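Below: one structure, written as structure tokens.
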Amino acid sequence: MGETTKKIWPGLLAVTGAAALVAGPVTAARADTSPQSTTAHVQVSSAILLSGLTPSFTLAGNPGDTVTALAPVTMTVKTNNFAGYSVTVEPAVVALTGALGTNTDTIPTSVLEVKETAAGTYEHLGINAPVTVFTKATPSALAGDPISTTFRITIPFVQADTYSGPINYIATTL
């Protein structure tokens, strides 16, 4: 078998026949590359979350009785702040008001007392005077730290009614 050549384009020849077969491995031509890299930066901010706060609590008794809440107020605080955090409590209003529309009596929030359930001593609440009920000098656990507070009151001489008002809990990084 002979080799046949044929002009297929000016300057290019096509080879046909047996001579066109190449013996041995065929390798692909290596592509040119131009590598570069970048640096990943992950900025992590300090964060804090107070969650699962007990929606309400009840203190029940007669005028002159000193009573504690029927159940503690619980919450979870989660933070990555390595300096830690604190939790404070303060009333949002000056006085608790009655549910009965005809009742003009009020209970000053300053007669409410609060403390961390497991430790501490009771302290009176006050407007613009937050009471610190918990402090930790490290970050919380990964799932958050459970915190519990207890309230008490010496019930003042007011009409029979259910007196209510908001109490604010604030978790703050140190």
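The values are calculated or read from the model by the stated rules, or taken from the named source; none is laboratory data. Computed from a prediction, not measured in an experiment: that's the story for all the values here. Backbone-built Cβ (ideal geometry, glycine too); neighbour counts: all protein chains shown.
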*Please enumerate the residues belonging to the stretch 103-136 that are closer than 18 Å to ALA69 by Cβ, assigned to a loop (DSSP other than H, G, I, E, B) and of a type in the set (Ser, Thr, Tyr).*
THR117, THR121, TYR122
_Options VAL94, VAL114: the member that is surrounded by fewer than 18 Cβ atoms within 10 Å (Cβ to Cβ) and without any contact (Cβ under 8 Å) to a residue 60 or more places away in the chain_ = VAL94
*Filter the stretch 128-142 down to the residues that are touching a strand residue (DSSP E or B) at 6+ places or on another chain (Cβ under 7 Å) and of a type outside the set (Ser, Thr, Tyr), then identify the one that is farthest from ALA99 (Cα to Cα).*
PRO139
*Looking at (1) within 26 Å of GLY126 (Cα to Cα); (2) at pLDDT 95 or above, can you tell me which one ASN80 breaks?*
(1)
*Residue check, LYS78 surrounded by 16 or more Cβ atoms within 10 Å (Cβ to Cβ) and without any contact (Cβ under 8 Å) to a residue 40 or more places away in the chain*: no
_Whichever residue in the stretch 37-67 is part of a strand (DSSP E or B) and among the aliphatic types (A, V, I, L, M) and, among such residues, is nearest to ILE147 (Cα to Cα)_ = LEU50
